[in-house]
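Notes for the one structure printed next.
None of the figures in this text is laboratory data; all of them are computed from the coordinates on show. Since the model is a prediction, treat every value here as computed from it, not as a measurement. So basically every Cβ, Gly included, is an ideal-geometry build from the backbone, and we count neighbours across all protein chains shown.
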Amino acid sequence: MNMFVGNLHYSTNSDGLCEVFSRFGEVEEAKVIYTSNAKGHKVSKGYGFVRMASREQARVARQSLDGAYLDSRLLKINDAFYKHEK
């Protein structure tokens with residue numbers, strides 16, 4: 001089950017995201033999305049994705065963490081869907 005995790009603090013990294021979600025089950029992947037700024041430095045876009053091993057684990061994590069604080073920011077969690085190319 002894939003989840004979009006928004007409103008991340010810019011210092012939150014993929015390892016930190018994985019650590020928080022792993023309290024609720026097996027995290028298959030946790031990834032903060034980055035871009036390059038004008039100086040060529042990698043900076044967080046303030047969101048990421050987490051894939052849990054099961055729907056139930058994802059449901060519990062979402063219920064527990066949506067609106068919770070991580071690194072002084074309130075998390076916003078939604079189901080993530082892949083866009084299919086036509």
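Within the stretch 34-86, the set of residues being more than 19 Å from His9 (Cα to Cα) and in a strand (DSSP E or B) comprises Arg51, Met52, Asp79. For the stretch 23-32, check the following and say yes or no: at least one residue is touching a strand residue (DSSP E or B) at 6+ places or on another chain (Cβ under 9 Å), in a helix (DSSP H, G or I) and among the acidic types (Asp, Glu). Looking for residues that are touching a strand residue (DSSP E or B) at 6+ places or on another chain (Cβ under 9 Å), in a helix (DSSP H, G or I) and among the acidic types (Asp, Glu), one finds none in the stretch 23-32, hence no. Of all residues in the stretch 1-22, those satisfying the criterion of being loosely packed, with under 15 Cβ neighbours inside 10 Å and assigned to a helix (DSSP H, G or I) are Asp15, Glu19.
The residue pairs whose first member lies in the stretch 61-79 and is over 16 Å from Val27 (Cα atoms) and without any contact (Cβ under 8 Å) to a residue 40 or more places away in the chain, whose second member is of a type outside the set (Lys, Arg) and not in a loop (DSSP other than H, G, I, E, B), and whose beta carbons are closer than 7 Å, counting only pairs six or more residues apart or on different chains, are Asp66/Ile77; Gly67/Leu74.
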